[in-house]
Amino acid sequence: MKLHELRDNPGATKKKVRVGRGPGSGVGKTAGRGIKGQTSRSGVAIGGYEGGQMPLYMRLPKRGFNKPNRKEYEVVNLGLIQKFIDMGRIDVAQPITEDVLVQSGVLRRSRDGIRVLAKGEIKSAVNLEVTGASAGAVAAIEAAGGTIKVAQVAAAADTAA
């Protein structure tokens, strides 16, 4: 097979319907939009409109609040870090920072920081420097003989006090 012989499978591509191109096309004149009314015009915005009836989104109770400037952390599990150490993508001799985790491919980006969770197990004695970690992750790392430096440690015991 040569490069110029490459073709799509039959039926893989479909021709775009060109509307408003005369009566012979089958979708001429009104272009499949019907006659008159809001939806026959351009710039239609009737998403939640129910003909004057109180719309569903207004009938349902509202609760809670989404903080517009909240921090969004990337989450990484201990098991994944251990897997990358075993593969040789992360060097245990050096401190494992957020930049190291992104460059090694554990995470795609760091957003507002990286938070370590305790899912999986870590066998290597690592020196982690991250934005946040769960209390279980901190305990697991220290049990393996490693150290972890965090900007914040979210523990249920701290918030309950």
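Read-outs throughout are calculated quantities, based only on the coordinates presented, and are distinct from any laboratory measurement. All of these numbers come straight from a predicted model, not from anything done at the bench. Because the Cβ atoms are built from the backbone with ideal geometry, glycine has one as well, and the counts that use them run over all protein chains shown.
Computed over the chain with a Gaussian network model linking Cα atoms closer than 10 Å, the most mobile of 30, 13, 97 is 13.
Dividing the summed -39500 (n - 2.57) terms of all DSSP H runs of n ≥ 4 by the residue count of the chain sets its mean residue ellipticity at 222 nm at -5500 deg cm²/dmol. Backbone amide hydrogens, once placed in the peptide plane, bring residue 127 within less than 5 Å of 96, 147, excluding anything fewer than 5 places away on its chain. For the chain, the relative contact order is 15 percent, taking Cα pairs closer than 8 Å that sit 6 or more residues apart in sequence and dividing their mean separation by the residue count.
Here the simple spin-label model places points 7 Å from the Cα toward Cβ, and for residue 91 and residue 143 these points are separated by 3.0 nm. A Förster radius of 22 Å combined with the Cβ-Cβ distance from residue 103 to residue 127 puts the calculated FRET efficiency at roughly 0.85. Can you list which of the trypsin sites (Lys or Arg not before Pro) found in the stretch 97-154 are DSSP loop residues with at most 10 other C-beta atoms within 10 Å? Of the trypsin sites (Lys or Arg not before Pro), the ones in loops of the stretch 97-154 whose Cβ has at most 10 other Cβ atoms within 10 Å are 108, 109. Within 10 Å, at most 12 other Cβ atoms, and a DSSP state outside H, G, I, E, B define an exposed site. Report the longest part of the chain free of exposed chymotrypsin sites (Phe, Trp or Tyr not before Pro). Result for the longest clean stretch: 66-161.
For the stretch 6-70, rounded, prolate or oblate, judged on the Cα gyration tensor with a ≥ b ≥ c (square roots of eigenvalues), a/c < 1.5 rounded, else prolate if a/b > b/c?
Because a/c hits 1.5 or more and a/b fails to exceed b/c, the stretch 6-70 counts as oblate.
Prolate is the label for the stretch 46-118, because the ratio a/c of its alpha-carbon gyration tensor axes (a ≥ b ≥ c) is 1.5 or higher and a/b is greater than b/c.
Rounded, prolate or oblate, given the Cα gyration tensor of the stretch 72-112, with a/c below 1.5 counting as rounded? Because a/c hits 1.5 or more and a/b exceeds b/c, the stretch 72-112 counts as prolate.
Panel values: the chain, Kirkwood radius from alpha carbon pairs, Stokes-Einstein at 37 °C and 0.692 mPa s, translational diffusion coefficient 149 µm²/s. Within the stretch 94-137, the GluC sites (Glu not before Pro) that combine a DSSP coil assignment with at most 15 other C-beta atoms in a 10 angstrom radius are 121. Among the trypsin sites (Lys or Arg not before Pro) within the stretch 27-65, those in coil by DSSP and having at most 16 neighbouring Cβ atoms inside 10 Å are 29, 33, 36, 41, 62, 63. The calculated Kirkwood hydrodynamic radius for the stretch 74-160 is 12.7 Å, given to one decimal from all distinct C-alpha pairs.
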